[in-house]
Every structure is written in C-alpha cells, then in structure tokens.
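Visitor: Attaching a single structure in structure tokens format; questions to follow.
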Amino acid sequence: MTTIVDLKQAIITGNREQAKALTQQALDEGLEARAIVVNGIAAAMEVVGEKFRANEFFVPELLIAQRAMKEALSMMSGADVDHIGTVAIGTVKGDLHDIGKNLVAAMLEGAGFKVVDLGVDVSPEQFVTAAKENSAQVIAMSALLTTTMGSMRDTVQAIVAAGLGDSVKVMIGGAPVTQSYADEIRAHGYAPDAASAVEKAKALVLQ
Amino acid sequence: MQLNVLTDGQIARLHEASLRLLEKVGIRLPHEDVCRLFEEAGASVTGDGVRIPEALVMKSLERAGKSFSIYGRDPSKQAVFGKGKRNYNSISGEALWIDDETGERRYATAKDAGTAARLADALPNLTIAGAMSDPHELSPEYGAAAAMAEMLRNTTKPIGLWFHNRTVSRTIVEMMIAVRGSEEKARKYPLSYPFLEPISPLRFPFDGVDALYETVRLNLPIPIGPMAQTGMSAPGTLAGTLVQENAEILAGVCITQLISPGVAVCYGGIPHAFDMRTTQMIFAGPEQALMAVAMTQMGKHYKLPVYINVGLTDSKVPDAQAGMEAGVTLACGAMAGADVFGHMGICGMDQATSLDMLVMQHEVIGYVERLMQGIEFSDEGLGLEVIEQVGPGGTFMDQEHTARHFRKELWFPRLLDRQFYGAWLSGGAKTMAQRCREEKERLLREHQPAPLPEHIDREIERILAAARKDLEDQGRL
C-alpha cells in the first residue's frame, strides 16, 4: 500500500522517473492494475486538480504532474489509455503566434485528449482535412491578430461546407477573440485562457 | 543594486556645510540640563542657544551605537538596524482615523491602536507595528501608554509609537519591563524606541528631549528625524534642505550622546518638499525620492543605520496616484540601502490613518522586495540545457526546469490584478482600492494574534492604573 501512496505523491510532485519506478514496483508487488490506477494515479490527479483550482498549483506544476501521470499509465500493460477525445489544433492562416496554442495543446494532452497539433498558419482546408483524417471531435483555433481573425469564420464555413457541421465542434481563442465574436461566426466555444480551454473542450466532446 | 544621487565630493561638502551651520548658527534647545551638558562638553551656550563645535559633533558620531535591534513581545520578531536588513513600519501615530465601517474621518482612539497592531501583525512584510493612533480621548501624559497596552494584546512584533513626553515614557518603560519580566531583559531586548524629532529649522522640543531621560534607563535606541520642508522650514532648494536636515540630525546625535554616551542612534533623513500652492508638506513627490536617497548616503557616510520616509503618498485613497508615489519612492529608497522605510498607512500628508492604504503599501513592499532580490545567475539559471531540449518553436511551460524555478523567480502579488478581461469583469471588476478594503476586512476578521499571557496583562493593567492615579492626583489626566 505504501507503494501506491508513494506513487500518488510522485505524480503530485511531477516526478516522472519516480512515478515510473513506483508503478513498476507496484506491479512487481502483484498489485492489481485497477487498484494502481484508481488509488494511485487517478487519486493523484484529483489532488492536483484541486490544488490547481485553489490556486495552490500553477500551470507548470499541473503540466509536469500530468506528464508523470502519463508515464505511469504507459507502464500498465494493456492499459491502452482511452482518450477523452481528439482535438485538431493550430493557429489560423496568416498567424504565426503559437505560444498560447502550444500551451492549450499541452494542457489538453495532459487532461487526456489526443491532440493533433497542426502548427502555425493553418488554412481552413488543412483544418478540414485533419479533422477528417483523425476523426477529430474538436477543432481548436487561435489568432493573436485582428487581421487574421477572419480566417476563423472561413474555417467554420469550410467545416460546414465539408459536411462536418454536426460531427465537429469548433472552439476559438486568442487575445483579440471574445465570446461575442465566437457567437457571431457560429463557433461552438470560446475560452479566454488555457485552463478554461480544457474545460470547454471537455464540454464540447460530451455534447 | 545600489542607487546614489550624491558624489563623494558632494557628501563631503554637505558634511562640511552642516558643521559650519552648527558652529555658526547653532540650535535652539529649551532644556537646561542638556544645555549644561553641552556647555561642559565645550559648546558655546547662550540662553537656550547652543553652538556646537566640530570636535563635539565628531566625537558624538564616533561614540554613538551604530547597530541595534528592537524585538517584539515574541523576541524572534526582530527589526535589525545597521546590518543591511530592510525594515518596514506602519505610522507610529496620527490624530485622525478613517473609520473602517463608515469610511468617514474621525479622531483616533486608544482602541484603534489595537486594530492597527492586529492588522500589522497579520501583514508579513511589516517588521514594526505602529500605533497609527494618537488617542484623542486621553491626555498626552497617558494616551501612548494606553495605546501600548492595546498593541501588546494585538501583536507580537516590535512596536512603534510616539513617546510624547517624560511622564508617558516612564509608564511605557515600566510596561516594557513588565513584558520581559525584568529590567535587565528589557534592556537587552528593547521592545520599541523613542523618536527624537527636531523641529526645523534648528530647534529641539523640550518634551522630546526630556523623554530620553526615561528611555535611556532601558538604553533604548534613538532614531533622530527632523522633517525640514523645502522653502518653508528649510531653504527652497533641495541641497539647502539637505544641509540643514543633516545639521539637525547631527545636533540630535550630540544630544543623545551627552545624555547617554554610547546609546545607539538611527539617522532619520526625512526632509520633505513643500507645496507652494496649498502650503502643506509634500509626502511623496520626485523630490522625496531624491532627498531620501541623498540622506541615505549621508547616514551611511556616518556609518549609522538610516531611517527614510519613502513608500508614502499624498493621495487619500489607494489609487493610481498612491501606487505611483509609494512605488517609485520606495523602490528608490530600497535601492539606496536604508534600514527602515517608513510610516506606512497614512491617508495623504498626515491627514489621517488609513488601514486600506497600509494594505496597499504592504503590496508595494512585496513588489520592491522582489526587485531587491535582483537576478540570480547560475548554470541552472541560464537554462542552456532546457533551451536545447525545447528547441525552436516549443514551449517551456511544461518543463520541469520551469516548475522548479518559477516560484522563486516570480513574485506572486496578493492584490494586483493580472486577470483576463472577462475574468476580471465576472469577478466584480474591482479596483485596487476595493481589493485593498476587502483584504483589510478579511485580515481583521480572520487574524488572531498570539494572546498576551494573562500575568503580563494583569501587570500592564496595574501599571496603567497607577499612572492614571498619579495623573488624577495632579489633575492632569
């Protein structure tokens, strides 16, 4: 049992190496995979989530804990982890500012999404193709400039034109973007920051 | 980090000029005993006029204690002077008080000193808890002692208050002995200090000097700080103000060393500019930053700990003006390297006490303290390895290197707003002033200081009762 307690602690503190070693140790001790996941890994992430919401943990601590969690999960044989969903993400055509996009991608991945990162300067057509090829439920776009924002509208329209209007949800973000702009271009969601982007993506997938 | 505004040559010139002033013009000192001490030491005394020779000034500077600490009721709470530490204090007393419920200005009471102490106790960046109140309902012979009792019940930190006269100083000294349990311990661990304030230009108040005859019993250190005002009680130039302010402080050092050779002093370089339209002092203009830095250089030239008035504001509320004035002056003062930065929590130029303002200034202190830590350099800090790992186009947000360092690299404000617009809006779109008020209310609601041991409380009450009876008998209560 102390192995599980130590594993939980290793994940909370984001210690990847230790998380891996302790997961192996737990398996060697003959502990049930389910017990390791529920009492160790999931329990740790619950604590991390609480600390994050209470402003005790900040984004880097959340991210390293999530990575430790993934390392631990990858050790479980047959525990091919189910993703919450698939998100295709990129900055819009003409926009090379990807700091925010990278952060959202990392946060989504940490939260259990499969993330298809299309990088920067992504055209509406590329978004559509990526959504089809990866069966993505969500397309996430970011723009830093008012001059490139317009491409978000084009992408929404391209998705509808490609017949994906029902199966793919679009979420947008970036400094000049607002909820009212999202409403205007008929995007399904807007998030002002990386943490709420994760919440929004979860909500869209569940819809 | 070191900020200077005077050259070595200018420091020497100010020093020389102040010496000439003391020798030629001298000071007015309406205290016969101290005048006699001056005469015996070679000064030229005519009535209450004292002209002080250079040799006496230099000898006094040499004799004066140059480092000291004051200790809270909990002696681990220390304000250390003369050792390169930065101390921050709330104001030792104000006549008026911004009422925390009505927001209206009224006279301050002894009970207010307890509230001030409790708030200071809750604010970690404050080293010395000031009374912030001069109880109006009580006589000057008793008020500060009553304030002291309230404060002892509400803070374990060192205490700042005005020792108005000899009578109340005697009572306060007895209370300090009661807190420590013996006179010896009270000497070893001073709980507070008297502030000797020359009245510019070049005068000393009888009561302020007379009070020292009581405080030297416990060898309490003595900050000396005149508030010379440019163009009003000092020349209309900054340099002239500095000459006179320095002369007044040096005269104060002589007084302390004549009364009690070797007693520790603190160089209170707290001159101010003066507003030629409203005819009142300016607390925190750019001149304040300049003079505070210059005064710090002068004090350090004499190897004395330094007390300056920075981090203050002329604004009545914690607004943009307050943030600008407190921030710039405190940053400059801290970079100059003074020992104590003072008198936080005043609404405007001595217009009242404002606890909301104190809470804002506390945030400014946090900001400036981070500034003073500077940039730490190490291989780990340079981060070449992590830059290599992340490579062009990646993010550092999920790197262990980031997680390892951001908490000590970054300062985390309590009150500054850094939210996204929408979050700020949905959080009530609060201004800094509102956030300060809410933080004050929260701290006063939640913070419980360690209680004063009952036997000490009883002894304090006994001392106060005896003081009241004495004053009553003399018809002075």
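Visitor: Out of all the residues in the range A:29-39, which are touching a Ser or Thr at 6+ places or on another chain (Cβ under 9 Å) and farther than 15 Å from A:GLN9 by Cα?
Guide: Listed by number, the residues that qualify are A:GLU29, A:LEU31, A:ALA33.
Visitor: B:GLU409 - would you say it is loosely packed, with under 15 Cβ neighbours inside 10 Å, closer than 29 Å to A:GLY90 by Cβ and modelled with pLDDT of 95 or more?
Guide: Spelling it out, it is not the case that B:GLU409 is loosely packed, with under 15 Cβ neighbours inside 10 Å, closer than 29 Å to A:GLY90 by Cβ and modelled with pLDDT of 95 or more.
Visitor: Going residue by residue through the range B:115-133, is there one that turns out to be outside any helix (DSSP H, G or I), more than 17 Å from the chain's Cα centre (by Cα) and among the basic types (Lys, Arg)?
Guide: The answer is no, given that none of the residues of the range B:115-133 is outside any helix (DSSP H, G or I), more than 17 Å from the chain's Cα centre (by Cα) and among the basic types (Lys, Arg).
Visitor: Could you identify the single residue in A:SER151, A:SER142, A:SER123 that is farther than 30 Å from B:GLN419 by Cβ and either at pLDDT below 85 or not assigned by TED's automatic domain parsing to the domain that holds A:LEU7 (or both)?
Guide: When all the criteria are applied, what remains is A:SER123.
Visitor: Is it the case that some residue within the range B:360-370 is among the basic types (Lys, Arg), closer than 25 Å to B:ARG442 by Cα, out of contact with any helix residue (DSSP H, G or I) (no Cβ under 9 Å at 6 or more places or on another chain) and at pLDDT 95 or above?
Guide: Yes - at least one qualifying residue is present in the range B:360-370.
Visitor: Is it the case that the range B:431-442 has a residue that's modelled with pLDDT of 95 or more and more than 30 Å from B:ASN87 (Cα to Cα)?
Guide: No, every residue in the range B:431-442 fails to be modelled with pLDDT of 95 or more and more than 30 Å from B:ASN87 (Cα to Cα).
Visitor: Name the residue that is surrounded by the most Cβ atoms within 10 Å (Cβ to Cβ), counting only residues in the range A:60-100 that are closer than 28 Å to A:GLN9 by Cβ and basic (Lys, Arg).
Guide: Checking each candidate, the answer is A:ARG67.
This table checks each residue for (1) buried (at least 18 other Cβ atoms within 10 Å of the Cβ); (2) without any contact (Cβ under 8 Å) to a residue 60 or more places away in the chain; (3) farther than 30 Å from B:ARG63 by Cβ.
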| site | (1), (2), (3) |
| --- | --- |
| B:ALA294 | yes, no, no |
| B:LEU304 | yes, no, no |
| B:GLN321 | no, yes, yes |
| B:ALA336 | yes, no, no |
| B:VAL340 | yes, no, no |
| B:CYS347 | yes, no, yes |
| B:GLY366 | yes, no, yes |
| B:PHE377 | no, yes, yes |
| B:GLU380 | no, yes, yes |
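Visitor: Next question. Which residues, counting only those in the range B:91-114, are within 18 Å of the chain's Cα centre (by Cα) and part of a loop (DSSP other than H, G, I, E, B)?
Guide: B:ILE91, B:SER92, B:GLY93, B:GLU94, B:ALA95
Visitor: Kindly provide the set of residues from the range A:115-143 that are over 17 Å from the mean Cα position of the chain (by Cα) and within 14 Å of chain B (Cβ to nearest Cβ), ordered by number.
Guide: Matches in the range A:115-143: A:VAL120, A:ASP121.
Visitor: Could you list, in sequence order, all residues of the range A:126-177 that are of a type in the set (Ser, Thr, Tyr) and either out of contact with any Phe, Trp or Tyr (no Cβ under 7 Å at 6 or more places or on another chain) or within 25 Å of A:GLY112 (Cα to Cα) (or both)?
Guide: Answer for the range A:126-177, where residues must be of a type in the set (Ser, Thr, Tyr) and either out of contact with any Phe, Trp or Tyr (no Cβ under 7 Å at 6 or more places or on another chain) or within 25 Å of A:GLY112 (Cα to Cα) (or both): A:THR129, A:SER135, A:SER142, A:THR146, A:THR147, A:THR148, A:SER151, A:SER167.
Visitor: Another question about this same structure. Considering only the range A:72-97, state which residues are over 30 Å from A:LEU31 (Cα atoms) and either in contact with an Asp or Glu (Cβ under 9 Å, 6 or more places away or on another chain) or away from chain B (no Cβ under 14 Å) (or both).
Guide: Matches in the range A:72-97: A:THR86, A:VAL87, A:ALA88, A:ILE89, A:GLY90, A:THR91, A:VAL92, A:LYS93, A:GLY94, A:ASP95, A:LEU96.
Visitor: B:GLU137: surrounded by fewer than 24 Cβ atoms within 10 Å (Cβ to Cβ), over 21 Å from the mean Cα position of the chain (by Cα) and under 26 Å from B:GLY348 (Cβ atoms), yes or no?
Guide: yes
Visitor: Let me ask something else about it. Considering only residues that are surrounded by fewer than 22 Cβ atoms within 10 Å (Cβ to Cβ), over 10 Å from B:THR395 (Cβ atoms) and either within 12 Å of chain B (Cβ to nearest Cβ) or modelled with pLDDT of 90 or more (or both), which ones fall in the range A:101-114?
Guide: If the condition is that a residue be surrounded by fewer than 22 Cβ atoms within 10 Å (Cβ to Cβ), over 10 Å from B:THR395 (Cβ atoms) and either within 12 Å of chain B (Cβ to nearest Cβ) or modelled with pLDDT of 90 or more (or both), then A:GLU109, A:LYS114 are the ones that fit.
Visitor: Right, something else. So B:ALA129 passes all but one of these: (1) touching a residue at least 60 places away in the same chain (Cβ under 8 Å); (2) surrounded by 19 or more Cβ atoms within 10 Å (Cβ to Cβ); (3) under 28 Å from B:ALA334 (Cα atoms); (4) in contact with an Asp or Glu (Cβ under 8 Å, 6 or more places away or on another chain). Which condition number does it fail?
Guide: Of (1) touching a residue at least 60 places away in the same chain (Cβ under 8 Å); (2) surrounded by 19 or more Cβ atoms within 10 Å (Cβ to Cβ); (3) under 28 Å from B:ALA334 (Cα atoms); (4) in contact with an Asp or Glu (Cβ under 8 Å, 6 or more places away or on another chain), only one is false for B:ALA129: (1).
Visitor: Among the residues of the range B:288-322, write down those that are assigned to a helix (DSSP H, G or I) and more than 19 Å from the chain's Cα centre (by Cα).
Guide: B:HIS301, B:ALA320, B:GLN321
Visitor: Tally the residues that are over 23 Å from B:GLY323 (Cβ atoms) and not polar (S, T, N, Q), restricting the search to the range B:276-306.
Guide: Residues meeting the conditions: 13.
Visitor: With A:GLN24, A:GLN18 as the choices, which residue is farther than 19 Å from A:ASP117 by Cα and either within 14 Å of another protein chain (Cβ to nearest Cβ) or in contact with a Pro (Cβ under 7 Å, 6 or more places away or on another chain) (or both)?
Guide: Result: A:GLN18 is the single residue among A:GLN24, A:GLN18 that is farther than 19 Å from A:ASP117 by Cα and either within 14 Å of another protein chain (Cβ to nearest Cβ) or in contact with a Pro (Cβ under 7 Å, 6 or more places away or on another chain) (or both).
Visitor: Condition check: more than 21 Å from the chain's Cα centre (by Cα), more than 30 Å from B:ALA465 (Cβ to Cβ) and modelled with pLDDT of 95 or more. Does B:ALA186 satisfy that?
Guide: Answer is no for this residue.
Visitor: Here is a further query. Would you confirm whether any residue within the range B:387-398 is over 30 Å from the mean Cα position of the chain (by Cα) and more than 14 Å from every other protein chain (Cβ to nearest Cβ)?
Guide: Among the residues of the range B:387-398, at least one is over 30 Å from the mean Cα position of the chain (by Cα) and more than 14 Å from every other protein chain (Cβ to nearest Cβ), which makes the answer yes.
Visitor: What are the pairs, 6+ residues apart or on separate chains, where a residue within the range B:20-45 that is without any contact (Cβ under 8 Å) to a residue 12 or more places away in the chain has its Cβ under 6 Å from a residue that is part of a helix (DSSP H, G or I) and of a type in the set (Asp, Glu)?
Guide: B:VAL45/B:GLU39
Visitor: So which of B:ARG418, B:ARG404, B:ARG437 is within 13 Å of chain A (Cβ to nearest Cβ) and either in contact with an Asp or Glu (Cβ under 6 Å, 6 or more places away or on another chain) or surrounded by 14 or more Cβ atoms within 10 Å (Cβ to Cβ) (or both)?
Guide: From the options B:ARG418, B:ARG404, B:ARG437, the qualifying one is B:ARG404.
The values are calculated or read from the model by the stated rules, or taken from the named source; none is laboratory data. Since the structure is predicted, the reported quantities are computational estimates derived from the model, not experimental observations. Cβ coordinates were reconstructed from backbone atoms using ideal geometry, including for glycine residues, and neighbour counts include every protein chain displayed.
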